[in-house]
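Taking it in order: structure first as structure tokens, then the write-up.
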Amino acid sequence: MIAVTGMHRSGTSCFAGLLSRCGCSLGSAYPLLNENRPDNEKGHYENLGVVAINETILRCAGGSWLTPPSPERIAATSERFFGHIKQFSRIFDGNIFKDPRMCLTIASWEKQCSQKLEFVILCLRHPASVALSLKRRDNIEIGTGLSLWLRYNRSLLEGISKTPLIIADYDRLRNNFSSEITQLLLNLGIRMPENKISRQTKNFYSEKLNHARIEEIQSIHLPDDIALFYRELRSLGSEAEKETEARKPCGSVLRKFLNWWGRNR
């Protein structure tokens, strides 16, 4: 199983859709939220079985995707749903599943299905683009959107301990689409020529579908801690491609990042 996650509005639907077009199965045991909507014209590719488990955990812990409970409350509440997570891992018949809420619950999923969880893909997007997209879709204040971006990304990095982590940079698709998808597939152990990738993904990704383009976010000020976190996290993704054991979350690159964050938060 490969989990595709990241803060909402970070390209998780885009990457899940692209991977499915490149041969990764979304499975048939659970229904998908995959209808075209104004905020996601190409579909969501969201596994409703995973969503149901994660939303229930967050709700019972006293929060939601928009108001995440503390990691401690999530951990304590998750124990009541370990059986549901195990059942999902037994029944799921695909390769990939996608849910942004996995950022908040990853530690619980690792505990219950670490042997089947092969990779976690963290979809990364500029925090200001995420915040602006949330503002336009849900009328969420920019500052709240930025704080959520930090919480989701931080929670994933602090919660993951065993599963190989891959960072997929949504903003790099704009200028380096073929090479970025080729590299992502290689990180997953899938070799596919770029010309085949182009055929399989033709007309799926479009810059026109971005709801908050880089050019529109210049006036949004990033707090220092978020700017530093984003810069270092993006650097982590670049360094990981060069590291022999890049996909191991306990490798030197990730340890260096977490040590840096511990000193600077």
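For Pro71, what charge total do you get from the other residues with a beta carbon under 11 Å from its beta carbon, if Lys and Arg give +1 and Asp and Glu give -1? It works out to a net charge of +1.
Bridge orientation summary for the chain: considering DSSP beta bridges with both residues in this region, about 20 percent are antiparallel. Over 24 Å apart at the Cα level, from the set Lys42/Lys86; Lys116/Lys196; Lys42/Lys135; Lys98/Lys162; Lys42/Lys111, are Lys42/Lys86; Lys116/Lys196; Lys42/Lys111.
Looking at the stretch 1-60, the GluC sites (Glu not before Pro) that sit in a DSSP loop and have at most 15 other Cβ atoms within 10 Å of their own Cβ are Glu35, Glu41.
For the listed peptides 143-152, 117-126, a ranking on the average number of other beta carbons within 10 Å per residue, highest first, reads 117-126, 143-152. Averaging the sequence gap over all C-alpha pairs within less than 8 Å and six or more residues apart, then dividing by the number of residues, gives the stretch 2-264 a relative contact order of 22 percent. Scattering from the stretch 2-264 was approximated by placing one identical point on each alpha carbon and applying the Debye formula without solvent; log10 I(q)/I(0) at 0.08, 0.15, 0.17 1/Å stands at -0.29, -1.15, -1.55.
Where a number appears in this text, it was derived from the coordinates with a stated rule and is not lab data. Just so you know, these numbers come straight off a predicted model, no measurement behind them. Using ideal geometry, Cβ is built from the backbone for each residue, glycine included, and neighbour counts are taken over all protein chains shown.
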